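The values are calculated or read from the model by the stated rules, or taken from the named source; none is laboratory data. Computed from a predicted model, the values in this text were never measured in an experiment. Positions of Cβ are backbone-derived with ideal geometry, glycine not excepted, and every protein chain shown enters the neighbour counts. Accessible surface is based on the protein model in full, side chains and every heavy atom, while ligands, DNA and RNA are left aside. Shrake-Rupley method; radii C 1.70, N 1.55, O 1.52, S 1.80 Å.
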Amino acid sequence: MPALSVLLPVRDAAPWLDASLASLWRQSFRDFEVVAVDDGSTDGSGERLERAAAAEPRLRVFHTPPRGLPRAIATAHAHARGPLLARHDADDLSHRERFEAQVGFLRAHPDVTVVGTRLRLF
């Protein structure tokens with residue numbers, strides 16, 4: 001079982017998906033899975049996810065009809081195996097030490113249940 005499950009909802013994100021996934025595979029903290037839910041994409045995002053999953057065993061892909069962001073996240077959560085959860089959108093780029101810092105903080109502070117992060121829009 002991974003220490004962390006990353007919930008990744010995806011709909012029509014083909015232009016950003018490869019870079020977004022690459023930012024996850026560069027993480028310094030490696031004990032995680034990515035639970036991607038293709039929420040009815042029509043731009044090839046689902047196929048991109050399947051190709052990526054063939055090369056990266058930590059990526060698990062589920063396909064649903066278009067149901068919206070909250071239900072895609074709920075579906076990913078239902079399939080998550082890790083005791084810790086992280087969110088990552090299909091157009092996000094995560095700093096390579098994001099998970100290391102967040103998991104480290106949660107482990108050092110067991111009374112804390114939620115951590116966030118700074119972000120930069122570009």
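Condition first: without any contact (Cβ under 8 Å) to a residue 60 or more places away in the chain, closer than 15 Å to Arg11 by Cα and within 12 Å of the chain's Cα centre (by Cα). Now tell me which residues in the range 39-77 satisfy that.
Hits for the range 39-77 are Leu49, Val61.
State which residue pairs qualify: first residue closer than 28 Å to Arg71 by Cβ and among the hydrophobic types (A, V, I, L, M, F, W, C) and inside the range 87-101, second residue modelled with pLDDT of 95 or more and loosely packed, with under 14 Cβ neighbours inside 10 Å in any location, beta carbons under 9 Å apart, and separation of 6 or more residues or different chains.
Within 9 Å, the pairs are Leu93/Ala19; Leu93/Ala22; Phe99/Ser28; Phe99/Arg30.
Scanning the range 13-26 for residues that are open to solvent by less than 60 Å² (accessible area, probe 1.4 Å) and more than 12 Å from the chain's Cα centre (by Cα), which turns out nearest to Ser94 (Cα to Cα)?
Only one residue tops the list, namely Ala19.
Out of the range 92-101, which residues are under 15 Å from Pro2 (Cα atoms) and either more than 14 Å from the chain's Cα centre (by Cα) or assigned to a loop (DSSP other than H, G, I, E, B) (or both)? So that I can check it myself, show each step before the final result.
Initial filter on the range 92-101 (under 15 Å from Pro2 (Cα atoms)): 99-100.
Of everything in the range 92-101, just one residue is under 15 Å from Pro2 (Cα atoms) and either more than 14 Å from the chain's Cα centre (by Cα) or assigned to a loop (DSSP other than H, G, I, E, B) (or both), namely Glu100.
What's the number of the condition Thr113 fails, among (1) polar (S, T, N, Q); (2) surrounded by 16 or more Cβ atoms within 10 Å (Cβ to Cβ); (3) farther than 23 Å from Arg26 by Cβ?
(2)
Name the residue, out of Val103, Val35, that is touching a His at 6+ places or on another chain (Cβ under 6 Å) and among the aliphatic types (A, V, I, L, M).
On the way: Val103 fails: touching a His at 6+ places or on another chain (Cβ under 6 Å).
Of Val103, Val35, the one residue that is touching a His at 6+ places or on another chain (Cβ under 6 Å) and among the aliphatic types (A, V, I, L, M) is Val35.
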